[in-house]
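These notes are about the structure you will find just below.
The values are calculated or read from the model by the stated rules, or taken from the named source; none is laboratory data. All figures in this text were calculated on a predicted structure; none of them were measured in a lab. Neighbour counts run over all protein chains shown; Cβ positions are idealised from the backbone, glycine included. The area values use the complete protein model at the heavy-atom level, side chains included, leaving out ligands, DNA and RNA. Shrake-Rupley method; radii C 1.70, N 1.55, O 1.52, S 1.80 Å.
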Amino acid sequence: MTMATAAAGRVDLRSDTVTQPTAAMREAMLAAPLGDDVFGDDPSVNALQEKIAAMLGFEAALFVPTGTQSNLCAILSHCQRGDEYIVGQMNHCYRWEGGGAAVLGSVQPQPLNHQADGSLALAEIEAAIKPDDAHFARSRLLALENTLGGKLLPFDYVQQATALAASKGLNRHLDGARLFNAATAQAALTGSDARTEARRIAQCFDSVSVCFSKGLGAPVGSALCGSREFIARAHRVRKMAGGAMRQSGVLAAAASYALDHNIDRLAQDHALAAQLAEGLAGLEGVQIETPQSNMLFVDLTGVARERSAGLIPYLAAHGILSTGLYRLRFVTHLDVDAAGVHRAIAAIRDYFKA
Ligand SMILES: *Cc1c(COP(=O)(O)O)cnc(C)c1O
């Protein structure tokens, strides 16, 4: 836990984006050699791009300020005006990015409903792919997200969906904002390690976006990975979107530090989410979804639902921050420890018992 959160005595479970850079990460930022990345001159940015591309098995990568911009660069590099991308209703790059692909790229989304496990039914993907006919937008891209709402997409599904897309001539993009959480959860199933699983997942796609500012604990930044030719196109979109930065090596150094030091510890976040779930078991009207990664969702029904409006303010008054009303979300990350999770459990139990 950082000094700031410890001093405030807060347990912030709103998101894994709230982490503060650790002292060691700040030192890495201070020590980073810098240049002007618009000239391609920033050694720290170049090193990060090479590192993440090599880790995930791609030719090239592009450092961008946000995951939103990374997805935008990806969609606008895969698609032209009048093309469409097939995507899940709840996917970030459809629902939570201000409609950027449509607004800025004239690329039409074709959203599909999710199955219970977060996947898109293969038959529905296939049915959504349009024939080459003047009536239709050109189906160009399948976009998946992993983890999705904290859920790990089953790997055999990822392989089948991406193979189907490729067989129909579609490109494949992964919004892997939390790819390393997905890889950590997958590694627990396969007995492998997170880096190996991250690469296996990534290699099913033509492009992958990864966020450093979520569970990895960096303050800012995402990377888009793909072929050299694809990244050259994305580089142009990034400029157009205002995302070409200058001495951004100070940020890339934090991201690079996160890749070196904060992947293996993600399993702790997953264990704490599981502990939180166990600690809330048995409360009347509190329905718990078994967490698969660092996110716990809790649905309030019956008596608990009647009292839901007061819960978040009550928790906040006790230094526990989270979000939701009838469906609550708790996210663990590197500024939350076991003591914080125990405090959260106690406060939630007290609220519903009182
Ligand atoms: C957070 C997130 C993004 C966007 O990241 P920002 O840096 O907030 O723009 C994209 N996709 C997913 C799945 C995310 O969770």
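With protein chains left intact and a 1.4 Å probe, residues in the chain average 42 Å² of accessible area per residue. Helix 179-190 and the longest principal axis of the Cα set of the chain meet at an angle near 70°.
Taken over the range 240-337, the percentage of Cα pairs per 5 Å bin, counting from 0 up to the bin with the maximum distance, is 3, 11, 16, 18, 14, 10, 10, 8, 6, 3, 1. Axis angle, to the nearest 10 degrees, between helix 338-353 and the longest C-alpha principal axis of the chain: 60 degrees. In plain terms, if you count all Cα to Cα distances in the range 126-265 and split them into 5 Å steps from zero, the share in each step is 2, 9, 16, 19, 19, 16, 10, 5, 3, 1, 0 percent. The tail of the calculated P(r) for the range 1-80, taken as Cα-Cα distances beyond 14 Å, holds 76 percent of the pairs. Subtracting the Cα-Cα distance of Ala271 and Glu284 from their residue separation scaled by 0.36 nm leaves 2.3 nm. Sorting the segments 201-208, 274-281 by their mean number of nearby beta carbons within 10 angstrom, highest to lowest, gives 201-208, 274-281. When you filter the chymotrypsin sites (Phe, Trp or Tyr not before Pro) in the range 272-354 for DSSP loop state and at most 14 other Cβ atoms inside 10 Å of their Cβ, you are left with Tyr326. For the chain, the fraction of C-alpha pairs more than 27 angstrom apart is 48%. According to the Kirkwood relation over distinct C-alpha pairs, the hydrodynamic radius of the range 70-199 is 15.0 Å. Note on Asp41 and Ala339: the extension gain reaches 102.8 nm, defined as 0.36 nm multiplied by sequence separation minus the Cα-Cα distance.
Spatially, the range 192-238 and the range 300-332 are offset by 34 Å when compared through their Cα centroids. Over 31 Å apart at the Cα level, from the set Lys151/Lys239; Lys51/Lys239; Lys214/Lys239, are Lys151/Lys239.
Under 5 Å between amide hydrogens, built in the peptide plane, is the criterion, and for Ala121 it picks out Gln115 among residues at least 5 positions away or on other chains.
Extending 7 Å from Cα along the Cβ direction at Arg14 and again at Leu30 yields two label points whose distance is 2.9 nm. Near Leu76, once Lys and Arg are set to +1 and Asp and Glu to -1 for all other residues with Cβ below 15 Å from its Cβ, the sum equals +1.
Partners of Lys168 within straight-line reach, counting lysines whose Cα lies under 16 Å from its Cα and excluding those fewer than 8 residues away in the same chain: Lys130.
Seen against the Cα atoms of the chain and their longest principal axis, helix 67-78 is set at about 30 degrees.
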